[in-house]
Amino acid sequence: MAMSAESAIPGDKGAAASEAVGARMHTYQLSRRACRDVLAVGGELKSAFCLYAGHEAALSEPLDQLTDPRGYRRFVEVIEHEKRRCGFRPEVVAHDLHPLYLSTHYAVGTGLPTVAVQHHHAHVVSVMADWRVDKPVVGICCDGSGYGSDGASWGCEVLCCDAAGFERAGHLEYLPLIGGDAAAIETRRPAAALLWQAFGCQWRDHLTASFGCGPGGDLDVFDQMMAGPAKTVMTSSLGRVFDGVSFLLGLCDRNEHEAQAAMALEAAASPGPADPYPYSTTAEDGLFKMSMAPAIRAIWRDLAGGADVGTVSARFHETVARMLAATAELACEMKGICQTVLSGGCFANQRLLSRVVERLEHRHLRVLKPRRVPGGDAGLALGQAVVAAARHEGGDA
């Protein structure tokens, strides 16, 4: 069932009248036609939903966090309001792959057929939809976390994608996510994980020698968690790497708001060109694994030697940019693809974004980045909707 035009165009009378009860909706004309009407329910922390019928998709503005009971109630109420107002009757509900997200529970609770979409695949496809691109791309998606198809917490991914599916071509070497969600708040936790990855069992000596973290119960617990990674969630999150390095540089010991440590790290970077630190990329069974361990060892040596924080931050940014661009280039060569997509919250960092774009374009690769669709989780629902439509079109759902 097609949506009425007034239901989704920002700024029109229909949208203005609905704001008190519903949410502002942004409409996108897509190249792919949905053969079944799709409701996509997004993520959890920056919840947004999408209604997709025919060639038109309407993506809501970001709503509240679903972990807040009031936010969840509003999420449900706004979806129902917009469905009634548009006369929209979904036949399929798309949701995140994470089984514990409240948006996943809502999707399953509708009783309709559901399609689970991997978080980073949805990010990349949202940008593809924005640019009306249907051919395969190599996507670089970097953020805080997203549930991976192997059960780990992903967050620095190179994916070979089309709308219907993806292949993981590369990722950052896994780190222990010490304390689970607490690692996204207390930046010493990912800092400890980075030092453990770089220096092994001597990580505590390197932490206490240079960063003023004396022995204590917390470090004992960290040691136990990292000594038995089978009991600890593992992550490839680039967001946690930024948090950990921000702690090591003395910039932020706690994220009081989203991306606080990463923003402090970007702001501290000295302007102008910077030499990269070493990093490593290895290939195993066609999968590229990127490691920042060599860079962390070099950063520790620089800081122990009294290096300028601005210089270290600039070199760190340059290292990450070169590592991502080089791995994406390898994936493009391997798959014969000449289009790349950048997405995920880490690319709100303009220094990182610009350097990755420059290096990819220097290799004559086309680079697509978020244009109208949010690059963070507020854009997930659009990607989920397109993936669900593509899978039903191909008979895979």
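Residues that are farther than 11 Å from LEU39 by Cα and surrounded by 22 or more Cβ atoms within 10 Å (Cβ to Cβ) were ranked within region 87-101; the one that is nearest to the chain's Cα centre (by Cα) is ASP96. Residue under question is ASP96, and the condition is that it be of a type in the set (Asp, Glu) and out of contact with any Cys (no Cβ under 6 Å at 6 or more places or on another chain); does it hold? Spelling it out, ASP96 is indeed of a type in the set (Asp, Glu) and out of contact with any Cys (no Cβ under 6 Å at 6 or more places or on another chain).
Here is a yes/no grid of residues against (1) farther than 24 Å from PRO271 by Cβ; (2) in the same structural domain as LEU97 (by TED's automatic domain parsing):
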| residue | (1), (2) |
| --- | --- |
| MET290 | yes, no |
| LEU303 | no, no |
| ALA307 | no, no |
| ALA321 | no, no |
| ALA331 | yes, no |
| LEU352 | no, no |
| ARG355 | no, no |
| ARG363 | yes, no |
| VAL387 | yes, yes |
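Kindly indicate whether any position in region 156-163 is over 16 Å from the mean Cα position of the chain (by Cα) and among the acidic types (Asp, Glu). Among the residues of region 156-163, at least one is over 16 Å from the mean Cα position of the chain (by Cα) and among the acidic types (Asp, Glu), which makes the answer yes. How many residues are surrounded by fewer than 24 Cβ atoms within 10 Å (Cβ to Cβ) and either assigned to a loop (DSSP other than H, G, I, E, B) or free of Cβ contacts under 8 Å to residues at least 60 places away in the same chain (or both) when one looks only at region 139-166? Qualifying residue count for the region: 9.
For region 34-85, filtering for residues that are surrounded by fewer than 24 Cβ atoms within 10 Å (Cβ to Cβ) and more than 26 Å from GLU393 (Cβ to Cβ) leaves 23. Within region 351-371, residues that are under 20 Å from ALA262 (Cα atoms) reach partners that are in a loop (DSSP other than H, G, I, E, B) and of a type in the set (A, V, I, L, M) with beta carbons closer than 8 Å, at six or more positions or on different chains, in the pairs ARG351/ALA269.
For region 217-260, name all the residues that are within 17 Å of TRP196 (Cβ to Cβ), among the polar types (S, T, N, Q) and at pLDDT 85 or above. Within region 217-260, THR235, SER236, SER237 meet the criteria. Within region 345-387, the set of residues being touching a His at 6+ places or on another chain (Cβ under 9 Å) and farther than 23 Å from GLY144 by Cα is empty.
How many residues, within region 269-306, are of a type in the set (A, V, I, L, M) and within 21 Å of ALA192 (Cβ to Cβ)? Give the steps one after another, and end with the answer.
Looking only at region 269-306, we keep the residues that are of a type in the set (A, V, I, L, M), and these are 269, 274, 283, 287, 290, 292-293, 295-296, 298-299, 303-304.
Next cut, within 21 Å of ALA192 (Cβ to Cβ) only: 290, 292-293, 295-296, 298-299, 303-304.
Qualifying residue count, region 269-306: 9.
The values are calculated or read from the model by the stated rules, or taken from the named source; none is laboratory data. Nothing here was measured: the structure is a model prediction, and the numbers come from that model. Cβ: placed from backbone, ideal geometry, glycine included. Neighbour counts: every protein chain shown.
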